[in-house]
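Below: the structure, in structure tokens.
The values are calculated or read from the model by the stated rules, or taken from the named source; none is laboratory data. Source: prediction; values computed, not measured. Quick reminder, even Gly has a Cβ in these numbers, built from the backbone with ideal geometry, and neighbours come from all protein chains shown.
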């Protein structure tokens, strides 16, 4: 008869909890219309075409990526598992948030392998602010 130690059981349960927590915010997208639907579901109305650019998430985060990742963690995302990976950043012009005019002028969504891994609302104004997607 095999015996399991309490330490092994706790480790196994912790691994399952981490796995389930990381899956909680997975949102798979297959095309740009999925991204618009995702934003609409968060109460964000966008106008016009989106722009996109490919970025490589650095293996080691500098100050800017550390701060951005802390912001993403507030929104339920974490870029740490995507270090050294390529991602596409989609940028949209924001028309309204929750049906109201907004100081935020841009919405950014970062996608890696068809999964949304980060997102924010930003103001392009001098001294503007940024928040994680609601």
Inside the range 65-91, can you point out the residues that are touching a residue at least 40 places away in the same chain (Cβ under 8 Å) and in contact with a strand residue (DSSP E or B) (Cβ under 7 Å, 6 or more places away or on another chain)?
71, 72, 74, 75, 77, 90, 91
From 62, 114, 128, 48, which residue is surrounded by fewer than 14 Cβ atoms within 10 Å (Cβ to Cβ), more than 22 Å from residue 27 (Cβ to Cβ), out of contact with any helix residue (DSSP H, G or I) (no Cβ under 6 Å at 6 or more places or on another chain) and in contact (Cβ under 8 Å) with a residue 40 or more places away in the chain?
48
Quick one: is residue 79 within 25 Å of residue 31 (Cα to Cα), crowded, with 18+ Cβ neighbours inside 10 Å and modelled with pLDDT under 95?
no
I'd like the full set of residues that are in contact (Cβ under 8 Å) with a residue 40 or more places away in the chain and surrounded by fewer than 17 Cβ atoms within 10 Å (Cβ to Cβ), limited to the range 92-111.
93, 95, 96, 98, 99
Selection from the range 80-134 of residues under 13 Å from residue 46 (Cβ atoms) and over 16 Å from the mean Cα position of the chain (by Cα) yields 93, 94, 95, 96, 97, 102, 104, 105
